1. Of everything in the range 302-329, what is part of a loop (DSSP other than H, G, I, E, B), modelled with pLDDT under 85 and surrounded by 17 or more Cβ atoms within 10 Å (Cβ to Cβ)? Give them in sequence order.
2. Quick one: in the range 168-207, which of the residues that are surrounded by fewer than 17 Cβ atoms within 10 Å (Cβ to Cβ) and hydroxyl-bearing (Ser, Thr, Tyr) is modelled with the highest pLDDT?
3. Is there any pair linking a residue in the range 589-605 that is assigned to a strand (DSSP E or B) to one that is of a type in the set (Asp, Glu) and modelled with pLDDT under 95, with Cβ under 7 Å and at least six apart or on different chains, and which?
4. With Glu407, Glu426, Glu417, Glu385 as the choices, which residue is under 34 Å from the mean Cα position of the chain (by Cα) and at pLDDT 70 or above?
5. For the range 53-87, give me each residue that is under 39 Å from the mean Cα position of the chain (by Cα) and either of a type in the set (D, E, K, R) or over 29 Å from Ser640 (Cα atoms) (or both).
6. Cβ-Cβ distance below 7 Å, separation of 6 or more or different chains: which pairs start in the range 492-518 with a residue that is assigned by TED's automatic domain parsing to the domain that holds Gly544 and surrounded by fewer than 16 Cβ atoms within 10 Å (Cβ to Cβ) and end on one that is part of a loop (DSSP other than H, G, I, E, B) and of a type in the set (Asp, Glu)?
7. For the range 572-588, how many residues are in a loop (DSSP other than H, G, I, E, B) and free of Cβ contacts under 8 Å to residues at least 60 places away in the same chain?
8. Go over the candidates Phe251, Phe278 one by one and state the one that is under 32 Å from the mean Cα position of the chain (by Cα), modelled with pLDDT of 75 or more, outside any strand (DSSP E or B) and under 21 Å from Thr549 (Cα atoms).
Amino acid sequence: MARNRIIHNVQDVFVGSSASETSHLITGISGHQILKRLNKVQNFNYSIDIPKDDKFTLGQSKPFSRSSNTPPTVNLSMSYLLDGVDNEDRIGLNTNNENESETNKDKTLFHDMFVSSQGSVGGFLGMLAGALVGDDAYDKRNIYLTISEEDDVRKHNDPSNILDDLYSGTFTENDIIDPGSPDYNVVVFQNCYLTQYNMSVSATELPTVSLNYVADNVEAYVSGSGIGIPVLDLKSGTVERAQYLIYSSKFGPLSTDVDGWIPTNDTVSWVSDFGGQFDSLVFYPTGGNEGHYITQNLNLTAGRTYKLQGKVYIDSGPNQAQAGVRIYNGQAEDFNTQIYSCIDCWGQGWVDFTIDSFEAKDSYVTIYGIGLGGAEGNDWIFDPEDGEDKFGIKDLVVTCLSSECKEFIIPKHFDYEALALDIGRELVPGGGVNITITPEPLTTAVYTSNFSDAGSSTSNGFDGWVAPPAQATLNRTNCPTDCALVIECNDTPSTTHYAYSPSMLTVGKKYKLTGKGYIGPNSTHVDHIRFYDGVDYSLGDFVGEARGTWQDFSVEFTHQGSLHYISAYMQQDGAAGGGTNFDCEEGTDFIVLKDIVVAEIETHQVKGAECFFNDTITSCEISCALNRDAISYVGYKLFSQRPANLPIQAELSFNAIVKENISGSFLDNMDENKNYNIEADFRYAPATATDDGLSAKYTFSGAKLNGINYDSSIGANTSVSMNFSTITDFENKGAGVYISGKVLTLGGAGELVTNDGDDLYDNNGNRIVLSAVYLQY
């Protein structure tokens with residue numbers, strides 16, 4: 001009897017972490033990656049395209065060759081019901097949720113896929129043949145389809161004692177793993193790149209999200225347990241197992257940031273500008289004729305294979321006694337575990353080293369200083385010259401090469417009841433969707449800074465900025481190419497340190513202040529840059545994430561008071577005067593400003609077009625297309641990159657029932673060439689005093705109205721359809737699609753929090769802490 005029905009169940013759809021993500025790993029389970037479940041999946045489809053290259057010859061109708069010279073392409077699509085922004089967060093999109101840092105909350109939906117610290121070059125986006133080069137560490141990831149041959153879908157739900165286990169500290173690896181995973185079949189789609197993100201909602205349907213991906217390969221396994229994460233070698237076209245990052249050094253910027261390295265008792269170590277950068281650990285032997293080393297337990301596993309790479313620096317001096325370093329995979333005086341030696345390398349600057357492969361004997365790594373002229377075996381004992389002998393290390397990276405180093409874990413499914421969350425996730429029928437359209441206010445610049453010799457309004461190049469002589473001194477830097485204003489503190493004790501701009505403000509008018517700020521890398525007395533309207537009305541603290549880096553600032557305000565200028569203060573947390581009155585160190589503490597713009601915000605209503613944006617909406621759809629190029633390199637069997645083409649455009653369309661007669665002029669809107677902000681929010685419950693009821697909200701920013709269509713017929717409501725589009729602004733983050741809403745994920749310091757940032761409690765009212773796990777439901 002013929003069979004045309006599928007006889008197995010799709011158990012679940014999961015997404016793996018990208019190379020850059022570590023926050024979703026269980027702390028303490030070294031090398032295991034927990035897959036991230038996509039909730040409320042409605043369908044999953046995939047196809048494999050194997051293109052043929054037909055070769056003909058004259059006089060023949062049939063090709064003499066039909067070979068596959070182009071790599072195959074795997075296309076997959078899926079859809080799910082909108083569930084807060086958990087799914088978006090798990091597939092690597094930027095979501096503005098309560099657990100995000102402030103620096104991430106203004107990012108568009110696709111920001112980190114294409115722009116990151118690794119994916120930007122000199123402050124500009126990396127470009128390749130007109131395409132935006134995505135950072136593979138953030139962009140591509142594996143998608144996993146788990147299949148059960150006999151069991152029901154999600155048979156292994158766990159509504160049991162998760163909270164009690166979390167509180168007691170007994171929650172372990174076995175509590176996460178789906179007990180049925182050894183019997184699952186797993187289909188792995190390797191190197192998946194997002195090509196389409198759609199969200200649609202109508203009066204009779206729940207909001208649904210559709211995703212399209214393109215992938216490089218498909219792997220299938222007969223078990224979901226004990227499998228290393230498959231990694232595709234694009235050059236050879238073979239599947240390998242992932243290298244797992246064990247340790248990456250992070251020294252500085254403070255002198256105490258030694259990243260866990262422990263020196264011998266008679267030595268000291270600290271972060272310094274050794275070699276010209278504040279990113280290295282410098283070790284100064286100061287004891288007598290003995291061994292001098294630094295050591296750390298890196299939790300290496302005996303028997304596994306590792307790779308170690310980094311840089312060493314041996315200083316040179318006229319009386320030095322140290323010639324080089326040796327690195328051991330062991331604890332102090334365990335000299336049978338040497339893995340690297342750099343002898344007589346003093347005075348050569350930073351020396352790169354790589355140990356491609358070594359089998360671990362111990363969990364520790366120890367670095368010894370080696371003396372001049374000593375016999376091998378005893379040359380680790382020497383009498384250092386104080387102030388002369390020192391060595392530096394930086395950029396240390398340890399990766400595990402063994403196949404068992406990084407396995408994927410299929411997690412069990414926890415019911416909502418097990419998590420004891422006092423929130424719902426279902427939208428309120430018939431009243432859970434609200435869509436608003438507002439025009440962006442127009443802005444007119446009233447001041448744009450120019451600190452160059454030619455452009456400044458003053459001969460000193462300060463462009464009219466002034467600093468009180470006893471409190472601060474003005475200077476410039478990066479001239480003539482990129483002049484910026486430097487505000488340096490003076491040693492006057494217990495005072496404020498600031499400068500102010502030329503007068504340009506009018507009382508009662510609304511303004512927007514933007515620009516870039518920088519706090520000196522060693523300005524330890526300065527925590528933020530605080531701006532004031534005049535000197536009495538604070539506009540907030542900015543530029544406080546990291547010293548030594550340029551950061552954007554932006555704030556809107558309505559001018560008040562009698563001082564019609566902007567002032568920039570050095571701010572110190574906890575200092576007197578609200579944080580601006582403190583002692584600073586002249587020559588060390590300073591702030592820098594550039595690209596300052598003060599713009600007047602003109603707030604007025606859309607002229608004669610209220611009815612165009614005041615109708616009852618019946619359906620809405622947001623569509624974001626990421627058109628990608630497939631880049632091939634000579635010698636590679638598979639595509640090497642799949643960058644997205646610029647511009648990245650999104651479209652929003654909706655249908656509405658017209659409530660009243662049309663009035664006003666549609667051309668007024670077109671003539672003014674306005675930008676619109678459109679918000680679509682979805683609520684699982686009406687707002688209360690303690691819960692806004694918001695599940696997810698889309699913001700369509702900087703949109704242009706493309707067109708409008710009215711449909712009138714006998715026996716039907718007059719309806720209107722409208723179409724908007726926006727182009728993602730990666731540089732200034734001023735336009736594109738943004739999403740915010742509810743998540744359940746990790747909070748700070750390993751604590752579990754709900755989607756509103758509130759602590760989780762067990763059934764006995766005890767706060768759950770120190771359980772850094774990624775819960776699935």
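The values are calculated or read from the model by the stated rules, or taken from the named source; none is laboratory data. This one's a predicted model, so the numbers in the text were calculated from it and none came from an experiment. Positions of Cβ are generated from backbone atoms using ideal geometry, with glycine treated the same way; all protein chains shown enter the neighbour counts.
1. Arg304, Asp315, Gln320, Ala321
2. Going through the qualifying residues, I end up with Ser202.
3. Filtered contacts from the range 589-605: Phe590/Glu488; Ile601/Glu556.
4. After ruling out the rest, the residue left standing is Glu407.
5. Tyr80, Leu81, Leu82, Asp83, Gly84, Val85, Asp86
6. Filtered contacts from the range 492-518: Pro493/Asp583; Ser494/Asp583.
7. The qualifying residues number 4.
8. Checking each option against the conditions leaves just Phe251.
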